[in-house]
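Taken together, the values in this text are just the output of simple stated rules run on the coordinates, not laboratory data. Computed from a prediction, not measured in an experiment: that's the story for all the values here. Positions of Cβ are backbone-derived with ideal geometry, glycine not excepted, and every protein chain shown enters the neighbour counts.
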Amino acid sequence: MLALARREAAEPALARLRAMARQRPVLAGGLDGALKRHAGAPATALDAWAAAILALANVNAGPGALLVAFRLAAALPPGDGGGLTRAAAGVSAAADICRWAGAGAVRAVLVTRLDLDSRLGSLPDEAVWWRTLVALAGEEPAAAAVAARTSGRVIAACGVAGFDAFVGAGLRASTRMDARLAFFGLRDPAAVRVLDRLSGETTFATMSTQLRAYVTALWGADIALQEAAPPRADRPRRATTTPGVVHVPDTLPGVSRDAAPALYRAIVAHASAHLALGSPRREPGTLKPLQIVLTGLIEDARIEALAMRRFPGLRRLWAPFHTIEPSHLKTAPILLARLARGLFDLEHPDDDAIVGKARALFYAEPDLADPGLSRRIGSILGNDIGQMRIQFDAKGHVIEQAYRDDNLGLWLLPPLPDGDVQALDLPVEAARVERRPADDGEREQGDAKPEAGRGRSVAPDDGGHVVAHYPEWDRAAALERPEWTTIREIDPARGDVRGLQAALAADAGLRRRVERLVRAARIGVPTRLKRQPDGLDLDLDAAIDTARALRSCETPDARVYLRRVVRARDLATLVLIDVSESTRDRVPALGTRVIDVEKAAVAMLAEALDKAQDHFALRAFASDSRDKVRWSRVKDFGERFDATAMSRLAGLEPGYSTRLGAALRHAGAELAAVAATRKIVIVLGDGAPSDIDVADPLDLVEDARHAVLGLRADGIEAFGLTLDPGGQGAGAAIFGPARHMPVRRITDLPTKLSALFFRLARR
């Protein structure tokens, strides 16, 4: 101790630290233990460490944090001062955290550092850990202690560099403190998905490109794959389908990295087969819960049988998931699993009477292409099983085969009267139907928080009336940042309509062609006319009556045909006009601006739609950062395209940037409130999303693509008409090649826009 006393005289920081410890006896023991551990350290290392401890004390970290700092120094190896230098760096970082987050947070961080000693093996790793937490404390002070406590799990999964990436993803995922705390505490499913991706586990995000190519190779159809919403924590993950979209689980908990690729292929092959080979969704009607489940089970067998006729190798893909064996137990889950295997594998021995009857009924069907057989057989089996008095838990039922979807895509489920997302009382996993909140008006106090991705009205401010917040896709983290963008409604300015009127009058021929195209589009609900004298299909009921009449020697009715006609125009169209700064460019061939050509083309289409009495709206958008996505109502649904609407169109002026994803989501929210059989969004712009607060334009391209997929999942078609003379824009990547039409010459825009509407409306 004499040597230490002499050293203190020459080392002011250490002397001051000893003096402070003498004034606070609670610190003396901890300090002595640390100094004894590093008695052989160089004077410079001791002085630097003492200075760091004093700095921590000066930011009011409190004696608890100082004692943990002493314990940390005592736990590090002695020697040439390297351990003490490492401790000093950590304590200095802890002082920075304390300045932002306070004494309680820094003590929790220091305790965690003590527990992580074995996982932070190298000085560079420890420096990254401290640097990450310091940055987090500056951005979100309350989250520093939470992230520190879970850092051990994160580092175990993906290393210290992965921890840094995980924290960055959490900060980008949301701006709300409660959401960030849930993320860093690993209570948010999105955080688990990010952790799976960073750890190198096989996830949907890592396989999405391969799976999309696989589905395209199988069916050659435009079937989208999209990440499914996370299920309840107590439910296994299953895929689900909506028209044109397969929603795939983001991760497969409990499935090894080696087995996950095969399961993902099995999932998308089965679910996409429903969309490629299945039938239109049907009403459950009077079916009981067990009959609904059995109908889905038979439909799964029917679709797989058709798919394996075309691709026999699919049997090897699906067979490993049918593992149930005959058993004396008679529970509903076991019986349903045995039925599924019995129909999938005719050679599998199973002497159960219900399995035998299901096989006999199924394979006696003359035509497996008839979707009606599933309901017929399902109803029969449901009655038989019901008589066995086997208890069936409708709400808790989950399809046993992990690769099969939840069969929600088979049914037309009724909308719920209330609530944002509710569980429907059907015997299928995660049976949910969404009802979007109305776009107008405030939420009443006590209402549930709006679902992520849906608009909600908030109070106006100086930058325009704020009408909604929407998420945005984070390309780096592969997750949505909830409520990341803000839609601000701007009252459209009135302009001089004489220029538009002159442009319309200058090309009367094109005007007439556009009007003919619009009127020729067959839009509406197909209606079946039975007992017709001619047609392409037989009316089965009429044909049976005719056969009965012939056998009874009566004169038959010759009207035995079925015709399908469209009797009413039933389409809602929202035309979304990009008025960003790029539309200010002039067109040399016309001597006018791009936006003027846009307005003339939209006016021509709107005039024709108005004459046809179609339901349509015109909207214009531009953006000035994520908080200022400007939205203008040029013409509303139900409003005539009159002089007032035309003056709003004429008053549009270029400016700002193009945050397309947010505009698409808001267009979808507006269309969701419109009653129509078909709903279409047509985007007229340059196909190059950008904004002042986004460094990489690919981020907004990917966000717009996810917005299009979200619209498609909600039954809304999105189509892009992009001004792309060079053919190098991102329109095809955003909308898909089949839903994108590039305009090479700006002068072709009016013709292309009307042709696009005709093409969409007749699909």
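Couple of notes before you dig in:
- Note on the chain: with charges restricted to the Cβ of Lys and Arg (+1) and Asp and Glu (-1), its dipole about the Cα centre is near 460 debye.
- Principal axis dimensions, largest first and in whole angstrom, of the stretch 142-280 by Cα: 53, 30, 26
- Taking amide H positions as modeled 1.01 Å from N, with prolines and chain starts lacking one, the residues under 5 Å from V681 and 5 or more places away or on another chain are L574, E717, A718, F719.
- Greater than 25 Å apart at Cα, pairs in K599/K679; K530/K679; K330/K357; K530/K611; K611/K635: K530/K679; K530/K611
- Shape call, the stretch 79-154: gyration tensor on alpha carbons, a/c limit 1.5: prolate
- Angle in degrees between helix 289-310 and the longest Cα principal axis of the chain, rounded to the nearest 10: 80 degrees
- Shape class of the stretch 318-373 from the alpha-carbon gyration tensor: prolate, with a/c at 1.5 or above and a/b greater than b/c.
- Span from the the stretch 259-323 Cα centroid across to the the stretch 42-71 one, whole angstrom: 65 Å
- The chain, relative contact order in percent, only Cα pairs under 8 angstrom and at least six apart counted: 8 percent
- Zero-based 10 Å bins, Cα pair distances in the chain, whole percents: 2, 11, 17, 18, 17, 14, 10, 6, 3, 1, 0, 0, 0
- Shape class of the stretch 629-697 from the alpha-carbon gyration tensor: oblate, with a/c at 1.5 or above and b/c at least as large as a/b.
- Packing-based ranking, highest mean first, of 196-209, 267-280 given that Cβ atoms within 10 Å are counted: 267-280, 196-209
- Ranked by how many other beta carbons lie within 10 Å on average, peptides 498-511, 707-720 from highest: 707-720, 498-511
- Mean-position separation - Cα centroids, the stretch 115-166 and the stretch 624-674, in angstrom: 44 Å
- Nearest 10 degrees, 0 to 90: helix 82-101 Cα axis against the chain principal axis: 60 degrees
- Within-15-Å neighbourhood charge of D117 [Cβ basis; K, R +1; D, E -1]: +2
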